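Read through the structure below, which is laid out as structure tokens, and then see the notes.
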Amino acid sequence: MRVPIVRLSELGPGTTAPFRIDVDGQEEGAFVVRLSSGELRAYVNRCRHASLPLDWGDARFLDESGLLACRAHGARYAPEDGACVDGPCPGKKLRPVRVEVEGDLVVAREVAHASLPGSG
Ligand code: FES
């Protein structure tokens, strides 16, 4: 699986970009976040509290403090590892998506298996 997402040059530190990807045979929303360090992380857009999308369809995933925020009931996740650090699902992790950079293009590769250690 190879899903082109966005040009790296258009994804500044502290910004995100949404995309769609196959998850267990179903197309799902996902997003990539560029950390302030410049590293990339990507996650399936499903909150670990009640399986709702984190955003309200507006592709806003980060709050003013730089955490990934679920708009439904206020869960907050660390963008570095997707772990819930505040709200109703402490310790649970967003499901990661593997992303790579090809030239100037950010590409999603695959979704981590749901039962892998650390997927919480
Ligand atoms: S669905 Fe995200 S906090 Fe409840």
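The values are calculated or read from the model by the stated rules, or taken from the named source; none is laboratory data. Note that the structure is predicted; figures quoted are calculated from it, not measured. Here the Cβ is made from the backbone with ideal geometry for all residues, glycine too, and neighbour counts use every protein chain on show. Surface accessibility is based on the protein's heavy atoms, side chains included, excluding ligands, DNA and RNA. Shrake-Rupley method; radii C 1.70, N 1.55, O 1.52, S 1.80 Å.
Scanning the range 51-74 for residues that are out of contact with any Asp or Glu (no Cβ under 7 Å at 6 or more places or on another chain), within 18 Å of A30 (Cβ to Cβ) and of a type in the set (G, A, S) yields S51, G57, A59, A72.
Please go through the range 12-30 and give me each residue that is of a type outside the set (D, E) and either in contact (Cβ under 8 Å) with a residue 60 or more places away in the chain or open to solvent by 80 Å² or more (accessible area, probe 1.4 Å) (or both), ordered by number. P13, A17, F19, R20, I21, V23, Q26, A30 - these are the residues of the range 12-30 that are of a type outside the set (D, E) and either in contact (Cβ under 8 Å) with a residue 60 or more places away in the chain or open to solvent by 80 Å² or more (accessible area, probe 1.4 Å) (or both). Only residues that are open to solvent by less than 20 Å² (accessible area, probe 1.4 Å) and either basic (K, R) or within 11 Å of the ligand (Cβ to nearest atom) (or both) were counted across the range 68-81, and they come to 5. Screening A42 against (1) more than 14 Å from the ligand (Cβ to nearest atom); (2) under 21 Å from V111 (Cα atoms); (3) part of a loop (DSSP other than H, G, I, E, B) leaves a single unmet condition, (3).
Only one residue in S9, S65 is of a type in the set (G, A, S), in contact (Cβ under 8 Å) with a residue 60 or more places away in the chain and open to solvent by 20 Å² or more (accessible area, probe 1.4 Å), so which one is that? Give the steps one after another, and end with the answer.
On the way: S65 fails: in contact (Cβ under 8 Å) with a residue 60 or more places away in the chain.
S9 is the lone residue from the list that is of a type in the set (G, A, S), in contact (Cβ under 8 Å) with a residue 60 or more places away in the chain and open to solvent by 20 Å² or more (accessible area, probe 1.4 Å).
Scanning the range 29-59 for residues that are touching a strand residue (DSSP E or B) at 6+ places or on another chain (Cβ under 8 Å) and at pLDDT below 95 turns up just one, A59.
A quick yes/no check of all residues on (1) within 14 Å of the ligand (Cβ to nearest atom); (2) assigned to a strand (DSSP E or B); (3) over 19 Å from V107 (Cα atoms):
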| site | (1), (2), (3) |
| --- | --- |
| G29 | yes, yes, no |
| V33 | no, yes, no |
| G38 | no, no, no |
| C47 | yes, no, yes |
| P53 | yes, no, yes |
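Of all residues in the range 82-112, those satisfying the criterion of being open to solvent by less than 50 Å² (accessible area, probe 1.4 Å), assigned to a loop (DSSP other than H, G, I, E, B) and free of Cβ contacts under 8 Å to residues at least 60 places away in the same chain are G82, G87, C89, L94, A112.
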